[in-house]
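A.B. asks: Let me give you the structure first, and then I'll get to my questions.
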Amino acid sequence: METNAKIDSLQLMLTDLRTRNESIRHKAAFKGCQPEFQELVSKLIKQLENELSEEKTILRKGINA
């Protein structure tokens, strides 16, 4: 599959968000905002997944045109 820089960057960001970053999670827990932090991470992951899907669709349409 052909790829582009935007798709690569979205995939890397999603991988990073899905990886448990203990130091950031520890700070959120210490400040008492772990549930809010996790909710924001989940929203951001969903938003990035949608954008990645859109970019892949655009790329496929461009290849098939």
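A.B. asks: Under a Cβ-Cβ cut-off of 12 Å, what is the net charge of the residues other than Ser53 that fall near it, where Lys and Arg count +1 and Asp and Glu count -1?
C.D. replies: -1
A.B. asks: Ok, one more. Plugging the Kirkwood radius over Cα pairs into Stokes-Einstein for the chain, at a temperature of 10 °C and a viscosity of 1.306 mPa s, what D comes out in µm²/s?
C.D. replies: The Stokes-Einstein estimate is 119 µm²/s.
A.B. asks: Grab the beta carbon distance between Ile24 and Glu51, set R0 = 25 Å, and tell me the FRET efficiency rounded to 0.05.
C.D. replies: 0.70
A.B. asks: Still on this structure, please answer the following. For the chain, what number of Lys pairs, 8 or more residues apart or on separate chains, have alpha-carbon atoms under 22 Å from each other?
C.D. replies: 8
A.B. asks: Here's another thing I want to ask about it. What percent do you get for the relative contact order of the chain when only Cα pairs under 8 Å and 6+ apart count?
C.D. replies: 54 percent
A.B. asks: Based on DSSP H runs of at least 4 residues, each adding -39500 (n - 2.57), what is the mean residue ellipticity at 222 nm of the chain after dividing by all its residues, to the nearest 500 deg cm²/dmol?
C.D. replies: Estimated from H runs of four or more residues: -28000 deg cm²/dmol.
A.B. asks: Next question. Amide H neighbours of Cys33 under 5 Å, counting only residues 5+ apart in sequence or on other chains, H built in-plane at 1.01 Å?
C.D. replies: none
A.B. asks: Something else now. Estimate the FRET efficiency between Gln38 and Ile63 by the formula 1/(1 + (r/R0)^6), using the beta-carbon distance for r and 35 Å for R0, to the nearest 0.05.
C.D. replies: 0.40
A.B. asks: In whole Hz and in residue order, list the ³J(HN,Hα) couplings for segment 22-31 that follow from phi through the Karplus curve 6.51 cos²θ - 1.76 cosθ + 1.60, θ = phi - 60°; x for Gly and Pro.
C.D. replies: So the Karplus estimates, Gly and Pro as x, are 4, 5, 5, 5, 5, 4, 4, 5, 4, 7 Hz.
A.B. asks: Please identify the GluC sites (Glu not before Pro) of the chain that satisfy two criteria: DSSP loop assignment and at most 12 other Cβ atoms within 10 Å. Which are they?
C.D. replies: Hits after loop and neighbour filter: Glu2.
Taken together, the values in this text are just the output of simple stated rules run on the coordinates, not laboratory data. Bear in mind the structure is a predicted one, so any value in this text is a computation, not a measurement. As a convention, Cβ positions derive from the backbone with ideal geometry for all residues, glycine included, and neighbour counts pool all protein chains shown.
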